[in-house]
Amino acid sequence: SSGYSGSCSSESPCTGDLTYYVAGLGSCGITSNGNTDMVVALPHGIMQDSDCGKTVKITYNGVTDYGTVWDKCMGCDDVSIDLSEKLFKKFGTEAEGRLTGAEWYIE
């Protein structure tokens with residue numbers, strides 16, 4: 001364990017929605033390409049600067065994959081995350097837009 005504790009840690013994963021956005025210059029100061037980078041934007045209510053660069057493990061509908069925290073989601077509630085298009089497509093289609101009941105935590 002990385003020692004991360006608190007909201008949405010491996011000891012207490014969060015269950016919420018997955019949405020997608022066009023990734024670019026994020027709140028971590030890194031510019032990403034949503035078509036090639038596996039980016040996670042954490043909820044603004046729990047995001048700390050120290051979370052930048054951390055890995056998030058996401059499981060939805062039997063699929064598990066990983067993304068890197070490079071941004072903050074201002075429109076997300078505290079248990080939902082915004083993903084780059086490339087990462088979102090691992091779990092669903094852009095036409096679906098929002099996937100509910102995904103479990104995730106910060107590693």
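The values are calculated or read from the model by the stated rules, or taken from the named source; none is laboratory data. Just so you know, these numbers come straight off a predicted model, no measurement behind them. No Cβ is skipped: glycine too gets one built from the backbone with ideal geometry, and neighbour counts run over all protein chains shown.
Some points to look at:
- Among the candidates 49, 37, the residue that is on the phi < 0 side of the Ramachandran plot, acidic (Asp, Glu) and either touching a helix residue (DSSP H, G or I) at 6+ places or on another chain (Cβ under 6 Å) or touching a residue at least 24 places away in the same chain (Cβ under 8 Å) (or both) is uniquely 37.
- Every condition in (1) modelled with pLDDT of 90 or more; (2) more than 18 Å from residue 59 (Cβ to Cβ) is met by residue 3 except one, and the failing one is (1).
- Hits in region 62-107 (condition: in contact with a Lys or Arg (Cβ under 7 Å, 6 or more places away or on another chain), of a type in the set (Ser, Thr, Tyr) and over 18 Å from residue 30 (Cβ atoms)): 64, 105
- Complete set of residues in region 71-101 that are among the hydroxyl-bearing types (Ser, Thr, Tyr) and closer than 21 Å to residue 33 by Cβ: 84, 93
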